[in-house]
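Notes follow the structure.
Computed from the coordinates by the stated procedures, all read-outs in this text should not be read as laboratory data. A quick note: this is a predicted structure, and the numbers were derived from the prediction, not measured. Counting neighbours? That spans all protein chains shown, and the Cβs are built from the backbone with ideal geometry, glycine included.
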Amino acid sequence: MKSFSIEQTKYKMLKRQAIPFKTKYEVFSRDKFRCQKCGHQGKSEELEVHPIKMKVNGGEDEEINLITLCSICHYYAPDDEKEFEIYLSEKIEGNILDTFRKSQKSISKRTKKGMDKRAQAGNVVTRAPYGYKLENKKLIPIEKSYLVQEIFQDFLNNKISLTQLSKKYGFSVNGLKKILTNQTYLGKIKFSGQIHQGNHQPLLSSTLFNHVQNKLEKLGIKFIS
């Protein structure tokens with residue numbers, strides 16, 4: 001069995017589009033919170049909803065096209081529909097994977113602990129937000145980082161919807177929300193619900209940032225955490 005790596009896991013996650021929570025819960029309930037390959041029964045955070053036919057191949061986020069797998073079986077599942085059907089038919093006892101399940105949890109805890117330490121030291125623990133690039137694991141403003149301030153001022157000073165603003169700058173609406181609520185631009189690092197002083201250059205003043213947050217709140221626009 002091949003070993004887990006953080007980069008491989010990220011790749012698998014990026015390949016599969018996010019499925020709405022309500023749909024995931026309906027699939028989990030239908031399958032009785034049990035992996036349909038190994039039979040492992042667990043909590044929702046131990047399970048994944050896996051598409052039988054991938055979106056890139058015309059599959060939809062509908063219950064008939066979705067199935068419950070544990071995180072391990074989900075990770076190793078092939079993307080091809082026919083190969084996946086064969087993979088699913090080759091059953092395996094869930095307890096055989098328990099050792100790997102425990103190891104995976106241990107790795108996750110160690111990884112989070114390391115990320116906590118990096119954040120507390122003021123270092124970025126996620127990918128660089130718009131306006132920055134990563135150099136030697138440090139956030140560095142890009143040449144067009146001034147556009148971040150321009151976006152904030154545009155939103156604050158004009159009667160413009162998020163849809164219009166996102167089209168103007170080439171973002172999705174959710175992507176724009178993340179920009180408008182990202183405290184990284186204040187020179188901060190946010191991780192696991194905690195905010196730390198960062199080691200990078202801020203792109204915004206706290207005054208501009210706070211005015212934008214106030215406008216978002218008045219407009220009833222939901223924050224992106």
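Taking the condition of a type in the set (A, V, I, L, M), under 15 Å from L165 (Cβ atoms) and assigned to a helix (DSSP H, G or I), does L208 pass? First the steps, then the outcome.
Numbers: of a type in the set (A, V, I, L, M): yes; under 15 Å from L165 (Cβ atoms): no; assigned to a helix (DSSP H, G or I): yes.
Considered against the rule, which asks whether it is of a type in the set (A, V, I, L, M), under 15 Å from L165 (Cβ atoms) and assigned to a helix (DSSP H, G or I), L208 comes out as no.
If I filter segment 157-171 for residues that are part of a loop (DSSP other than H, G, I, E, B) and under 24 Å from the mean Cα position of the chain (by Cα), do I get at least one hit?
Taking segment 157-171 as the starting set, the residues that turn out to be part of a loop (DSSP other than H, G, I, E, B) are 158-161, 170-171.
Imposing the further condition that a residue be under 24 Å from the mean Cα position of the chain (by Cα) reduces the set to 170-171.
Checked against the condition, which is being part of a loop (DSSP other than H, G, I, E, B) and under 24 Å from the mean Cα position of the chain (by Cα), segment 157-171 yields at least one hit.
Any idea how many residues of segment 25-73 are over 24 Å from L97 (Cβ atoms) and of a type in the set (S, T, N, Q)? Give the derivation first.
Going through segment 25-73, the residues over 24 Å from L97 (Cβ atoms) turn out to be 26, 53, 55-65.
Narrowing further to those that are of a type in the set (S, T, N, Q): 57, 65.
Result for segment 25-73: 2.
Taking segment 189-207 as the region of interest, how many residues are crowded, with 17+ Cβ neighbours inside 10 Å and within 22 Å of K144 (Cβ to Cβ)?
4
Select from segment 48-71 the residues that are in contact with a His (Cβ under 8 Å, 6 or more places away or on another chain) and not polar (S, T, N, Q) and list them in ascending order.
So in segment 48-71, the residues in contact with a His (Cβ under 8 Å, 6 or more places away or on another chain) come out as 48, 50, 66-70.
If the condition is that a residue be in contact with a His (Cβ under 8 Å, 6 or more places away or on another chain) and not polar (S, T, N, Q), then E48, H50, L66, I67, L69, C70 are the ones that fit.
Return the residue satisfying two criteria in turn: it lies in segment 41-61 and is among the charged types (D, E, K, R) and touching a residue at least 12 places away in the same chain (Cβ under 8 Å), and of such residues it is farthest from S29 (Cα to Cα).
Just the residues of segment 41-61 that are among the charged types (D, E, K, R), to begin with: 43, 45-46, 48, 53, 55, 60-61.
Then drop every residue that is not touching a residue at least 12 places away in the same chain (Cβ under 8 Å), which leaves 46, 48, 53, 55, 61.
Details: E46: 14, E48: 12, K53: 20, K55: 22, D61: 16 Å.
Filtering first and then ranking leaves K55.
For segment 50-70, what are the residues that are surrounded by fewer than 16 Cβ atoms within 10 Å (Cβ to Cβ) and of a type in the set (V, I, T)?
Answer for segment 50-70, where residues must be surrounded by fewer than 16 Cβ atoms within 10 Å (Cβ to Cβ) and of a type in the set (V, I, T): I52, V56, I64.
I'd like the residue in segment 126-153 that is in contact (Cβ under 8 Å) with a residue 24 or more places away in the chain and among the hydrophobic types (A, V, I, L, M, F, W, C) and, out of all such residues, is surrounded by the fewest Cβ atoms within 10 Å (Cβ to Cβ).
Once the filter is applied, the top-ranked residue is I140.
Would you tally the residues in segment 38-58 being over 21 Å from the mean Cα position of the chain (by Cα) and in a loop (DSSP other than H, G, I, E, B)?
The initial filter retains those residues of segment 38-58 that are over 21 Å from the mean Cα position of the chain (by Cα), namely 38-42, 52-53, 57-58.
Checking which are in a loop (DSSP other than H, G, I, E, B) leaves us with 38-40, 42, 52-53, 58.
Qualifying residue count, segment 38-58: 7.
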